[in-house]
Structures are given as C-alpha cells and as structure tokens.
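A.B. asks: The structure's right below; bear with me while I get my questions together.
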Amino acid sequence: MTDSAKVVGVDDVVDTETRKCGCKQSTYFLILIILINAVLFADQNLLAPVLTPIAREYGWVELDTNGNPIWEFDENLNETVVKVDGAKRDLFLGGYITAGFWIIGGIASLIVGYLADTVNRRNTLCVVVVLGETSCLLTYFTTGFWGLFATRVFTGVAIGGAVPLMFSLFGDLFSLETRGKATAAALTAVNVGGGFGQIMAGFVAGPDGSNWKLPFVIVAVPAYFIVVLLYFTVPEPPRGTKEESLLDEDGNLLLTETYGEKVTWAKFKQLFKTPTIVLVFLQGIPASLPWGVLLGLFNDFLIEEKNVDRGPSGFVVLAFGAGAAIGAILGGYIADWLKHKMRFIPLIMGLTTSFGAVPMILLIQLPPMSVIAYMLVSVPSGIIIGITGSAVKVILLNVATPETRGSAFSVFNLFDDLGKGGGAFVVAVIVSALGRTTGLTISMLGWVLGAVAHFAMYFFVEKDYKNAQELIAAQAKQASAMRVSEP
C-alpha cells in the first residue's frame with residue numbers, strides 16, 4: 001500500500017466488482033471508443049483528397065486578361081480541364097474550413113469538458129457524436145461553399161466534445177498500469193480511421209472527384225449504430241476507482257463510498273498552477289500545427305504538386321497514419337513501463353517529436369516519386385511522431401485529479417485546436433504568398449517548438465503526480481470523516 005493510500009483510513013475493503021466497471025466491461029467500453037474514434041476521424045479527413053474538384057465545382061478558376069477561364073492538361077485525368085485558382089482553394093477549403101472546424105471544436109471542448117466533470121459522461125458522449133455526425137450527413141445536401149462551411153465546421157463539435165469525455169472516462173476505467181495501452185488503442189483508431197477516410201473518399205469520389213459528397217453519408221450512418229450500442233449496453237463508470245492512492249496492494253478499492261468530488265472554479269484554476277499541465281497545454285499549439293496542415297492540405301498537395309493519382313494518394317496518408325498508430329502503441333507502452341519513472345517520458349517525447357519532423361520535410365522537398373516511395377518515407381515519420389501523441393495524454397491523465405480531467409482535456413483540446421485550426425489558416429496564407437512547398441515545410445517546424453515544452457516537463461512531472469495523488473487521498477479522507485460525523 002502506498003503512503004498516500006493509508007491516509008484514507010477505511011478498514012473494510014470494498015468488493016471491487018460492486019464499485020467499478022470490471023475488466024471485461026472496461027474492454028468492451030474501449031472497443032466502442034475505438035469504433036467512435038475511427039468514424040469521427042475518418043469524417044474529419046473526407047475533404048482532403050477532393051479540394052481541387054470542389055474548387056472547380058464552385059467555379060474558383062483562373063481567368064485570362066479577357067476574363068475567360070484558363071485551361072490546362074490534367075495528367076491524372078488525361079484530359080484538358082479548367083485551371084483552378086489554387087490560392088483561393090487553399091485559403092477557403094484548407095484555411096477557412098479547417099480553422100472554423102477546430103475553433104468550433106475548441107469551444108465545444110470547453111463546454112463539454114465542464115459537463116464531463118459534472119454529469120453522466122456516457123450520455124453526453126452519445127449526444128455529442130449524434131450532433132457531429134448529423135452535421136456530417138448534411139454535408140451531402142450542400143450546394144455551395146457556405147453550406148459546406150457550416151456543416152464541416154459544426155462537425156467539429158463531435159471531435160472537440162469527444163476528447164475530454166473519452167479521457168475522463170479512461171481515467172476511471174483504467175489504472176496507472178494500463179492507461180498508456182488504452183490511450184494507444186484509442187489513438188490507433190484515430191490514425192487508421194483518418195487514413196481510411198482519405199482512401200475511401202478518394203476512390204468513391206472518382207478520378208475527377210465529382211462524387212465527393214457520398215463519403216460523408218458512408219461515414220455518418222455507422223456512427224448512429226455505435227451510439228445506440230454505447231447508450232444501451234455501457235454503464236457510467238464511477239469516478240476515482242482507479243487512483244493509486246485509493247487502492248491497496250492487490251488493487252482493491254479503499255473507499256466505502258463513491259468518490260464524490262466535483263469540479264469547482266478553484267479546482268479549475270489550479271490546473272493552471274500545475275507546471276506539467278501548463279506545459280502540456282502550451283506544447284499543443286506548435287506541436288498540433290503540422291497535424292492540421294497534414295489533414296487539410298497534404299493529400300491535395302500530393303495530387304496536384306507531386307502528380308500522385310487521387311485514389312492512391314490516400315495510401316500515403318494511410319501509411320503515415322499506420323506509422324503514427326505504431327508510434328502511439330509504442331508511446332502507450334513506454335508510458336506504462338515508465339509509470340514509476342515518469343520524468344523520462346517527456347524526454348523521449350521531446351527527442352522523437354524533434355526528429356520526426358525530418359522525414360516529412362524531406363518528403364515535401366524531394367521531387368515527385370512513386371506512391372511506394374512516399375509511403376516508405378511516411379511510415380517512419382509517423383512512428384516517431386506518434387509516440388508523443390499517446391504519451392502526452394497519459395501524462396495529463398496522471399497529473400490531473402478525477403474531478404478535473406474533463407476540464408483539463410477540454411483546455412488541452414482547445415490548445416490543440418488552436419494549433420490545428422489557427423495554424424492551418426496562417427499556413428494557408430503563407431502558401432498563398434510563397435507556395436505550397438514552402439508553407440508546408442514551415443509548418444513541420446511546429447514539432448520542433450513543441451519539443452521544447454516536452455523537455456521542460458522533465459523537471460515537474462513526478463512531483464505533480466505525487467501532489468495529485470496526495471490531494472485525491474486527502475479529499476477522500478475528508479469526505480469519509482464528514483460522513484462518519486453525520487447523525
């Protein structure tokens with residue numbers, strides 16, 4: 001038993017199966033979360049392969065001095081087509097929509113983060129997914145840019161709201177020994193789902209991209225069935241049942257009552273006084289910038305600048321996603337392996353985040369290659385970068401208390417969204433001025449800046465984890481004493 005566990009002072013150990021979700025229930029819950037992540041992030045990437053066909057459909061074309069459309073030969077279609085206004089395409093589809101998507105997602109994350117710490121999280125997750133995927137479904141019926149803008153932006157509600165709910169649940173479903181593996185499994189679905197979405201969208205849209213709306217229906221419909229399963233087959237797990245300071249040496253819970261702490265304004269402000277948490281927030285803006293660009297512009301960049309066919313281009317993104325999934329698994333296992341030497345986790349994060357940018361910069365700068373060559377470069381980059389994706393979330397899970405995890409991940413997600421959305425908009429402006437190659441290269445340097453915050457966590461993470469566990473134990477002891485004193 002840990003020293004902090006002793007202060008709870010409960011003599012009768014409660015039967016764990018009556019106080020918390022069992023192992024099988026936790027695994028089933030995780031499977032549903034994996035399916036939700038796969039659908040949500042497949043949805044997020046559906047525009048990426050078809051930016052140019054959409055721009056052509058909306059009439060965003062280059063004109064000659066007489067006001068007539070300029071025509072060019074398209075090697076992928078093997079025919080002459082009207083030349084798209086690339087600057088407007090990237091600014092509106094890669095900039096405005098991406099920025100709006102993540103800004104709305106960030107706002108939704110803050111609201112849902114508070115709800116995650118106060119109300120039933122399973123029910124809230126069901127509502128969030130239905131709202132987001134209904135917006136996805138409505139994309140099929142849009143007829144112009146502003147309709148597309150509205151449906152895509154409000155789809156951000158699903159991803160923005162799901163993140164704080166998911167990780168708040170993870171904190172009460174999985175212990176210190178297994179949080180990394182659970183996080184890795186969820187993030188694997190994110191990466192694979194995102195890659196699958198781009199491949200499916202590229203093939204379903206067709207060589208000319210004219211059928212680009214159908215993939216939104218294909219992705220949205222399964223989400224409703226998953227929500228039904230989630231609502232009717234999964235209970236809400238009680239809070240605080242997986243904390244090291246509240247468990248004995250055999251993993252049994254040392255509480256006679258449910259951990260009943262709730263988030264307050266004072267507890268929310270305390271998040272910003274915890275060095276590790278602040279650093280996790282701050283690294284999100286620069287470190288998320290490359291992800292926003294990769295999701296919004298990279299696929300179309302391969303098609304238009306590197307002469308990769310629309311369908312196979314998705315395999316390059318899938319290769320990066322597969323690499324990132326492997327990296328996420330490694331990061332999760334590393335985080336669990338170093339659970340009692342947490343200061344080494346951010347060191348590994350900083351090193352991998354710094355070096356992971358190098359293969360992607362090479363891919364952007366090198367002359368056109370085959371799809372296989374691009375995939376071979378993308379996989380190692382994804383592996384290296386993916387390690388941080390799961391490790392940083394495990395760190396935040398561990399240093400936040402159960403009643404503040406939803407709020408902590410809502411702020412974390414907001415900073416991530418600012419990096420992905422605001423950063424993507426800035427890069428779109430740079431691309432308009434300096435070209436795609438330069439703009440995408442600059443964006444990859446965001447990973448290097450994020451690594452600075454990772455290295456700084458080395459000095460704080462173990463102390464902050466200890467402080468969190470002591471606070472949890474103290475709050476449980478105080479609540480137990482108050483119940484005993486009640487008549």
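A.B. asks: Can we say T142 is modelled with pLDDT under 90 and either out of contact with any helix residue (DSSP H, G or I) (no Cβ under 8 Å at 6 or more places or on another chain) or among the hydroxyl-bearing types (S, T, Y) (or both)?
C.D. replies: Details: modelled with pLDDT under 90: no; either out of contact with any helix residue (DSSP H, G or I) (no Cβ under 8 Å at 6 or more places or on another chain) or among the hydroxyl-bearing types (S, T, Y) (or both): yes.
Taking the combined requirement at face value, the residue does not satisfy it.
A.B. asks: In region 164-180, what residues are among the charged types (D, E, K, R) and either part of a helix (DSSP H, G or I) or farther than 19 Å from A328 by Cα (or both)? Step through it out loud before you land on a result.
C.D. replies: If we filter region 164-180 for residues that are among the charged types (D, E, K, R), which is where we start, we get 172, 177, 179.
Selection gives D172, R179.
A.B. asks: Which of the numbered conditions does S313 fail, given that it passes all the others? Conditions: (1) modelled with pLDDT of 90 or more; (2) of a type outside the set (D, E, K, R); (3) open to solvent by less than 10 Å² (accessible area, probe 1.4 Å).
C.D. replies: Just one mismatch for S313, condition (1).
A.B. asks: Something else: Here is a list: I303, I218. Which entry is modelled with pLDDT of 80 or more, closer than 24 Å to G195 by Cβ and in contact with a Ser or Thr (Cβ under 6 Å, 6 or more places away or on another chain)? I'd like the intermediate steps shown before the answer.
C.D. replies: Values: I218 fails: in contact with a Ser or Thr (Cβ under 6 Å, 6 or more places away or on another chain).
Every option except I303 fails the conditions.
A.B. asks: So which residues in region 396-419 are under 23 Å from G292 (Cβ atoms) and either open to solvent by less than 30 Å² (accessible area, probe 1.4 Å) or in contact with a Pro (Cβ under 9 Å, 6 or more places away or on another chain) (or both)? It would help to see each step written out before you state the result.
C.D. replies: Here is the first cut: in region 396-419, the residues under 23 Å from G292 (Cβ atoms) are 396, 408-419.
L396, A408, F409, S410, V411, F412, N413, D416, D417, G419 - these are the residues of region 396-419 that are under 23 Å from G292 (Cβ atoms) and either open to solvent by less than 30 Å² (accessible area, probe 1.4 Å) or in contact with a Pro (Cβ under 9 Å, 6 or more places away or on another chain) (or both).
A.B. asks: Taking I218, is it assigned to a helix (DSSP H, G or I), surrounded by fewer than 22 Cβ atoms within 10 Å (Cβ to Cβ) and free of Cβ contacts under 8 Å to residues at least 40 places away in the same chain? Step through it out loud before you land on a result.
C.D. replies: On the way: assigned to a helix (DSSP H, G or I): yes; surrounded by fewer than 22 Cβ atoms within 10 Å (Cβ to Cβ): yes; free of Cβ contacts under 8 Å to residues at least 40 places away in the same chain: yes.
The answer is yes for I218.
A.B. asks: Which one of G209, G195, G202, G161 is crowded, with 21+ Cβ neighbours inside 10 Å and not in a helix (DSSP H, G or I)?
C.D. replies: Working: G195 fails: not in a helix (DSSP H, G or I); G202 fails: not in a helix (DSSP H, G or I); G161 fails: not in a helix (DSSP H, G or I).
Exactly one of G209, G195, G202, G161 is crowded, with 21+ Cβ neighbours inside 10 Å and not in a helix (DSSP H, G or I), namely G209.
A.B. asks: Still on this structure, I have one more. Identify, please: which residue in region 1-48 is modelled with pLDDT of 85 or more and among the β-branched types (V, I, T) and is, among those, most open to solvent (accessible area, probe 1.4 Å)?
C.D. replies: I31
A.B. asks: Here's a follow-up. Can you tell me which residue within region 177-192, out of those that are hydrophobic (A, V, I, L, M, F, W, C) and either open to solvent by less than 50 Å² (accessible area, probe 1.4 Å) or free of Cβ contacts under 8 Å to residues at least 12 places away in the same chain (or both), is farthest from A42 (Cα to Cα)? Before you say what the answer is, go through the steps one by one.
C.D. replies: Residues of region 177-192 that are hydrophobic (A, V, I, L, M, F, W, C), as a first pass: 182, 184-187, 189-190, 192.
Of the ones still in play, those that are also either open to solvent by less than 50 Å² (accessible area, probe 1.4 Å) or free of Cβ contacts under 8 Å to residues at least 12 places away in the same chain (or both) are 182, 184-187, 189-190.
Working: A182: 20, A184: 18, A185: 16, A186: 14, L187: 13, A189: 9, V190: 8 Å.
By that ranking, first place goes to A182.
A.B. asks: List, please: which pairs have Cβ atoms under 8 Å, are six or more places apart or on different chains, and start with a residue in region 346-371 that is in a helix (DSSP H, G or I) and end with one that is among the acidic types (D, E) and surrounded by fewer than 18 Cβ atoms within 10 Å (Cβ to Cβ)?
C.D. replies: Taking only residues 6 or more apart or on different chains, the pairs are V371/D309.
A.B. asks: Now a separate question. Among the residues of region 108-129 satisfying the criterion of being of a type in the set (V, I, T) and closer than 18 Å to K269 by Cα, which is least open to solvent (accessible area, probe 1.4 Å)? Break it down into steps so the answer makes sense when it comes.
C.D. replies: Here is the first cut: in region 108-129, the residues of a type in the set (V, I, T) are 111-112, 118-119, 124, 127-129.
Applying the additional criterion that residues be closer than 18 Å to K269 by Cα yields 111-112, 118.
Values: I111: 103, V112: 12, T118: 44 Å².
In this case the residue turns out to be V112.
A.B. asks: Going residue by residue through region 291-308, is there one that turns out to be acidic (D, E) and open to solvent by 20 Å² or more (accessible area, probe 1.4 Å)?
C.D. replies: Going residue by residue through region 291-308, those that are acidic (D, E) are 300, 304-305.
Of the ones still in play, those that are also open to solvent by 20 Å² or more (accessible area, probe 1.4 Å) are 304-305.
Scanning region 291-308, I find at least one residue that is acidic (D, E) and open to solvent by 20 Å² or more (accessible area, probe 1.4 Å), so the answer is yes.
A.B. asks: Does V308 satisfy the criteria of being of a type outside the set (G, A, S) and assigned to a helix (DSSP H, G or I)? Lay out the reasoning, then the answer.
C.D. replies: On the way: of a type outside the set (G, A, S): yes; assigned to a helix (DSSP H, G or I): no.
The answer is no for V308.
A.B. asks: While we're on this one: Determine the pairs where a residue that is in contact (Cβ under 8 Å) with a residue 24 or more places away in the chain and more than 18 Å from T353 (Cβ to Cβ), located within region 331-343, has a partner that is open to solvent by less than 10 Å² (accessible area, probe 1.4 Å) and part of a helix (DSSP H, G or I) with Cβ atoms under 6 Å apart, the partner being 6 or more residues away or on another chain.
C.D. replies: Pairs found: D336/G180.
A.B. asks: Restricting attention to region 54-66, does a residue exist that is within 30 Å of A223 (Cα to Cα), small (G, A, S) and in contact (Cβ under 8 Å) with a residue 40 or more places away in the chain? Let's see the steps before the verdict.
C.D. replies: So the first thing to find is which residues in region 54-66 are within 30 Å of A223 (Cα to Cα), and the list is 54-55, 57-58.
Those left that are additionally small (G, A, S): 55.
With the extra rule that they be in contact (Cβ under 8 Å) with a residue 40 or more places away in the chain, the set shrinks to none.
The answer is no, given that none of the residues of region 54-66 is within 30 Å of A223 (Cα to Cα), small (G, A, S) and in contact (Cβ under 8 Å) with a residue 40 or more places away in the chain.
The values are calculated or read from the model by the stated rules, or taken from the named source; none is laboratory data. This structure is a prediction, so every number in the text was calculated from the model and none was measured. All Cβ positions, even for glycine, are placed from backbone atoms using ideal geometry, and neighbour counts span all protein chains on display. With ligands, DNA and RNA removed, areas are computed over all heavy atoms of the protein, side chains included. Shrake-Rupley method; radii C 1.70, N 1.55, O 1.52, S 1.80 Å.
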